[in-house]
Amino acid sequence: MNRIILESRFIRHQKTHLILVTGLPVLLLIIKLTDIGFDFKDYVQLIVLFFVFTLVIISMFFKRGFLKKKSELYRGLYCFGKLILKKKISLNNKDQVSILKFRKTQKMAWFSNANPDLALTFQKSDVTLLNEKHTKREMLISLVKI
């Protein structure tokens, strides 16, 4: 079984959003509970939110890659080097691999008064499978790093 772990599943901007969206409710619940006191329902809410927040933090360490098992190719999701999920890649009638480079722009979710249309421009490489005539293509993975 051969594997190649390539890069992180989320970029920094996405990680920041995940932390804010899941961490803010946990923080607000803790502040609310310290003001009014605890009861059983509040403990259950706190435990559930803390569990969800922990899962989101662990998901920050997910990485994408490939896995070759016998003669089959899989797209894999890894966490701390361990395979979590895999999806089989169909190689029927697709005998060529191409790396397509694109210049992409991503809008930022927050902005300042000085630059309200803030966007990040970066290069992205898409690894794709092509058929013999290049009429059908299937993107395998999209990478920020070459």
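The values are calculated or read from the model by the stated rules, or taken from the named source; none is laboratory data. As the structure is a computational prediction, the values presented were derived from the model and not from experiment. Cβ: placed from backbone, ideal geometry, glycine included. Neighbour counts: every protein chain shown.
Among the residues making up segment 80-107, those that are modelled with pLDDT under 85 and in a loop (DSSP other than H, G, I, E, B) are SER90, LEU91, ASN92, ASN93, LYS94, ASP95. Filtering segment 45-79 to residues that are touching a residue at least 60 places away in the same chain (Cβ under 8 Å) and either under 11 Å from ILE4 (Cα atoms) or assigned to a helix (DSSP H, G or I) (or both) leaves ARG64, GLY65, PHE66, LEU67, LYS68, ARG75, GLY76, LEU77, TYR78.
Restricted to segment 80-111, and to residues there that are without any contact (Cβ under 8 Å) to a residue 12 or more places away in the chain and under 17 Å from LEU6 (Cα atoms), the residue that is surrounded by the most Cβ atoms within 10 Å (Cβ to Cβ) is LEU85. Tell me whether segment 19-28 contains one or more residues that are surrounded by 15 or more Cβ atoms within 10 Å (Cβ to Cβ), closer than 30 Å to GLU138 by Cα and touching a residue at least 24 places away in the same chain (Cβ under 8 Å). Among the residues of segment 19-28, not one is surrounded by 15 or more Cβ atoms within 10 Å (Cβ to Cβ), closer than 30 Å to GLU138 by Cα and touching a residue at least 24 places away in the same chain (Cβ under 8 Å), which makes the answer no.
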